[in-house]
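Peer 1: Here it is: the structure, laid out below.
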Amino acid sequence: MTVSTKGITDHYKTAIGGELLKTTVEEWKMDVYYRKTYSFKTESKIISMQQSGNLVEALVESIISKALDQDGKRLFADADRVTLLNEADPQVIVKVASAINNAAELSKETISKE
């Protein structure tokens, strides 16, 4: 018996195609947009880094992979990793990565409060 994956993919398309969320990063003089969900492929790379004890790299990878501009295009290139790791304020990195990585949880909290 084969299971239909249409419901799975329909749900994913709805979640990934939803409205962009935004956090204003005053320190960087910019807005960072992000979605409330990402593909498991994107998440797996970040989870792997976390499990290997590379928490700083995982935070930076979250920003590189998930931070978007207002049009939904990636804000950072892979080459920006060096700058984010070596020339960015760690507190700001944590703040931005936390906003992006907790988007789904924040959405659930907002929905449950309404």
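The values are calculated or read from the model by the stated rules, or taken from the named source; none is laboratory data. What you see is a predicted model; the values in this text were computed from it and never measured. Counting neighbours? That spans all protein chains shown, and the Cβs are built from the backbone with ideal geometry, glycine included.
Peer 1: Being surrounded by fewer than 16 Cβ atoms within 10 Å (Cβ to Cβ), among the β-branched types (Val, Ile, Thr) and modelled with pLDDT of 95 or more narrows it down to one of VAL3, VAL60, VAL32, VAL82, so name that one.
Peer 2: VAL82
Peer 1: Out of all the residues in the stretch 94-112, is one or more modelled with pLDDT of 95 or more, surrounded by 15 or more Cβ atoms within 10 Å (Cβ to Cβ) and over 15 Å from TYR33 (Cα atoms)?
Peer 2: Looking for residues that are modelled with pLDDT of 95 or more, surrounded by 15 or more Cβ atoms within 10 Å (Cβ to Cβ) and over 15 Å from TYR33 (Cα atoms), one finds none in the stretch 94-112, hence no.
Peer 1: If you don't mind, another one. Quick one: count up the residues across the stretch 61-82 that are more than 10 Å from the chain's Cα centre (by Cα) and aliphatic (A, V, I, L, M).
Peer 2: Residues meeting the conditions: 4.
Peer 1: Which members of the stretch 24-77 meet the condition of being assigned to a strand (DSSP E or B) and touching a Phe, Trp or Tyr at 6+ places or on another chain (Cβ under 6 Å)?
Peer 2: LEU68, the sole residue that qualifies.
Peer 1: Ok, one more. Any residue in the stretch 25-53 that's under 15 Å from SER98 (Cβ atoms) and among the acidic types (Asp, Glu): show its pairings with residues that are modelled with pLDDT of 95 or more and surrounded by fewer than 18 Cβ atoms within 10 Å (Cβ to Cβ) at Cβ separation under 6 Å, as long as the two are six or more apart or on different chains.
Peer 2: These pairs meet every condition: GLU27/VAL92.
Peer 1: Could you give me the residue pairs with C-beta distances under 6 Å whose first residue belongs to the stretch 80-102 and is within 17 Å of ILE47 (Cα to Cα), whose second residue is part of a helix (DSSP H, G or I) and of a type outside the set (A, V, I, L, M, F, W, C) wherever it lies, and which are 6+ apart or on separate chains?
Peer 2: Cβ pairs passing all conditions: ALA97/SER62; ILE100/SER62; ILE100/LYS66; ASN101/SER62.
Peer 1: Which of the residues that make up the stretch 39-97 are of a type in the set (Gly, Ala, Ser) and closer than 18 Å to LEU20 by Cβ?
Peer 2: The answer is SER39, SER62, SER65, ALA67, GLY72, ALA97.
Peer 1: Would you tally the residues in the stretch 35-57 being surrounded by fewer than 15 Cβ atoms within 10 Å (Cβ to Cβ) and hydrophobic (A, V, I, L, M, F, W, C)?
Peer 2: 3
Peer 1: Specify the residue that is nearest to ALA88 (Cα to Cα); the eligible residues are those in the stretch 6-29 that are of a type in the set (A, V, I, L, M) and modelled with pLDDT of 80 or more.
Peer 2: VAL25
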